[in-house]
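Attaching a single structure in structure tokens format; questions to follow.
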Amino acid sequence: MKAAGGHSTAGVPDAGTGGVRRAGTAGAVVAAALRDLRAVDGAVYAAVAGTPTPTLDAALRRLSRAADHSKLSLGIAAGLAVFPGRPRRAACAGLGAVAVASVSANLLAKRLVRRRRPDREAARVTVARQVPMPASASFPSGHTASAVAFAAGVGAVLPEALLPLWSLASAVAYSRVHTGVHYPGDVTAGAALGIASAAAAGRLRRGLRRGGPR
């Protein structure tokens, strides 16, 4: 078969059709991978819900409630701000990171993804661990994003505080799964968002310092 101008088209693939086919295949692979990840996410959530931990339930419930509205981070920042120099700067850095994380999680990511909260009743999460189920979307975990952002922000200025604050943020993150209000994937995404928020807040802070009076 010859095209206009006498050039043969035999053996020449249809680039347009091939591109659509490859895009469709890639999309199917991504969709399948996402389904698998959601299945793993749900299975881990169910495993946590189904594991009896009566000794931990009350403590993790209290920790989760204490992290509401970043109250833990605000309290620690207030304690650091009492001391001039690096502790006070670290408190400001931590609060700046929390502000970025809170806006990113609650005003942007949650509104874009709109993931439903887990069904605690279906998973049979014991009442002894439960905290009030938030009305906002599930993905990402705002509590985790703010706690991790605070730890990273403070740790960038006061490295000796990083390990204890990171441990506290990890406990807050787990408490959100333990109490049944988040899937593990939500807190993983929240942690990543918290780290990114602390980095963004740090760059902004350094930029403002460089642009200040000389």
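Per-residue ellipticity at 222 nm for the chain, helices alone: DSSP H runs ≥ 4 residues times -39500 (n - 2.57), over residue total, nearest 500 deg cm²/dmol? Working shown, then result.
On the way: 9 runs with 144 residues, N = 214.
Estimated from H runs of four or more residues: -22500 deg cm²/dmol.
Now for a different question. Specify the angular offset, from 0 to 90 degrees and rounded to the nearest 10, of the alpha carbon long axis of helix 71-81 from the longest principal axis of the alpha carbons in the chain.
Around 60 degrees separate the two axes.
At q = 0.18 Å⁻¹, what base-10 log of I(q)/I(0) does the Debye formula yield for the chain when every alpha carbon is treated as an equal point scatterer in vacuo?
For the chain at q = 0.18 Å⁻¹, log10 I(q)/I(0) is -1.20.
So how tilted is helix 142-157 from the main axis of the chain? Cα-based, degrees 0 to 90, rounded to 10.
Helix 142-157 sits at roughly 70 degrees to that axis.
Please list V157, V44 in order of solvent-accessible area, largest first, computed with a 1.4 Å probe with all protein chains present.
V44, V157
Normalised by the number of residues in the chain, what is the relative contact order in percent for Cα pairs under 8 Å and 6+ residues apart?
On the way: 292 pairs, mean separation 54.9, N = 214.
With pairs under 8 Å counted, the relative contact order is 26 percent.
Averaged per residue, what accessible area in Å² does the chain show with a 1.4 Å probe, protein chains only?
I get 57 Å² per residue for this part.
Additional query: Just want the answer: with Cβ charges of +1 for Lys and Arg and -1 for Asp and Glu, which residue in S70, V181, A31 is farthest toward the dipole's positive end in the chain?
Value computed over the given set: S70.
Taking the 0 to 90 degree range and rounding to the nearest ten, how far is the long axis of helix 86-102 tilted relative to the main principal axis of the chain, both from C-alpha atoms?
With rounding to tens, the tilt is 40 degrees.
Here's another thing I want to ask about it. Compute, for L74, the solvent-accessible surface of its heavy atoms (probe 1.4 Å) with the complete set of protein chains present, and express it in square angstrom to the nearest 10.
Counting only protein heavy atoms, L74 exposes about 90 Å² to solvent.
Could you work out the relative contact order of region 130-214, using alpha carbon pairs under 8 angstrom and six or more residues apart, expressed as a whole percent?
Relative CO of region 130-214 lands at 42 percent.
A follow-up question, please. Could you look at region 100-211 and say what percent of its accessible area is carbon and sulfur, using a 1.4 Å probe and all protein chains? Please list the in-between numbers first.
Working: 3430 of 5360 Å².
So the carbon and sulfur contribution to the accessible surface is 64 percent.
How big is the dipole moment of the chain about its Cα centre under a simple scheme where the beta carbon of each Lys and Arg is +1, that of each Asp and Glu is -1, and everything else is neutral? Debye, nearest 20, please. Could the numbers behind the result be given before it?
Values: 28 positive and 9 negative charges, 149 e Å.
Computed charge dipole of the chain: roughly 720 debye.
Using only Cα atoms, locate the centre of region 53-78 and the centre of region 125-151, then give the distance between them in Å, rounded to an integer.
10
The values are calculated or read from the model by the stated rules, or taken from the named source; none is laboratory data. Small disclaimer: the values here were computed from a predicted structure and weren't measured. Heads up, the Cβs are rebuilt from the backbone with ideal geometry, glycines too, and the neighbour counts pull from every protein chain shown. These area figures cover heavy atoms from the full protein model, side chains too; ligands, DNA and RNA do not enter into them. Shrake-Rupley method; radii C 1.70, N 1.55, O 1.52, S 1.80 Å.
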